[in-house]
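Asks: Can you keep this structure in mind? I'll have questions shortly.
Just so it is clear, none of the values below were taken in a lab; they were calculated from the coordinates. Every value quoted in this text rests on a predicted model; they were computed, and no experiment measured them. Don't worry about glycine lacking a Cβ; one is built from the backbone with ideal geometry, like all the others, and counts go over all protein chains shown.
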Amino acid sequence: MATSAHNPPEASAPAELDAAALRRAFGAYPTGVVAISALRGSEPVGFAASSFVSISLQPPMAAVSVARTSTTWPRLAGASELGLSVLSRGQGELCRRLASREGNRFDGVAWKRTPEGAVLIEDAALWLTARVSATYDGGDHEIVLMELLTAELFPGVEPLVFHTSQFRELIPHG
């Protein structure tokens, strides 16, 4: 059924704003997924985040929200440089592995390191390197403000899109 401004789709009943309802509501907003990674010792450490957002062009800055329950972020917080890999369309399984609390997240994953120890995942749509600039209280999350150092875009590589707990593909509007 086609919709218009005069005939909107049927909406669900307003939900009380508890954590589960809010998670479903936020899930209605499509996002990309960024792997945030660095070497700790000789091993890559990282996690996936869909809460990544650009903040400023001058100076170049971005932010991510990290759950206070994360066991990975404390291992990364002291890294001198972080690798931010915008995951690509075919990396949904990798995204789920990076979000998991079990297993070796980087087993079988092709990655490279920068001289400063940032880890960048091969076949991503975009690579950024960053250093933590500041952290702020964000309720049950910590808001991490990062100074961006480098960017390498891979034209033609489609990003991974996360929407309603599923990976989706972009379709050009024409």
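Asks: Using a Gaussian network model of the chain with C-alpha springs under 10 Å, which one of G103, G78, G46 is most mobile by mean-square fluctuation?
Replies: So, out of G103, G78, G46, the one fluctuating most is G103.
Asks: For the chain, restrict the atom set to alpha-carbon positions and state the Rg and Dmax in Å.
Replies: Rg and Dmax of the chain, Cα atoms, are 17.5, 59 Å.
Asks: Another question, if that's okay. Quick one: 3J(HN,Hα) in Hz for region 71-83, Karplus 6.51/-1.76/1.60 with θ = phi - 60°, rounded, Gly and Pro as x.
Replies: Whole-Hz 3J(HN,Hα) from phi for region 71-83: 9, 8, 4, x, 6, 8, 3, x, 5, 6, 8, 10, x.
Asks: Which one of T164, T31, T129 has the biggest mean-square fluctuation once the chain is modelled by GNM with Cα springs under 10 Å?
Replies: T164
Asks: Which whole-Hz couplings ³J(HN,Hα) result when phi for each residue of region 154-171 is put into the Karplus expression 6.51 cos²θ - 1.76 cosθ + 1.60, θ = phi - 60°, listed in order with x for Gly and Pro?
Replies: My calculation for region 154-171 gives 10, x, x, 8, 6, x, 6, 10, 10, 8, 6, 6, 10, 8, 10, 10, 7, 10 Hz in order.
Asks: Please give, to one decimal in nm, the separation of the simple spin-label points placed at Y136 and R168, each 7 Å out from Cα toward the Cβ.
Replies: So the label points at Y136 and R168 sit 2.8 nm apart.
Asks: Identify which of E122, E142, E102 has the largest mean-square fluctuation in a Gaussian network model of the chain, with springs joining Cα atoms closer than 10 Å.
Replies: Of the options given, E102 has the highest mean-square fluctuation.
Asks: What value, in deg cm²/dmol to 500, does the helix sum -39500 (n - 2.57) over DSSP H runs of n ≥ 4 give at 222 nm once divided by the residues of the chain?
Replies: When only DSSP H runs of four or more count, the value is -3000 deg cm²/dmol.
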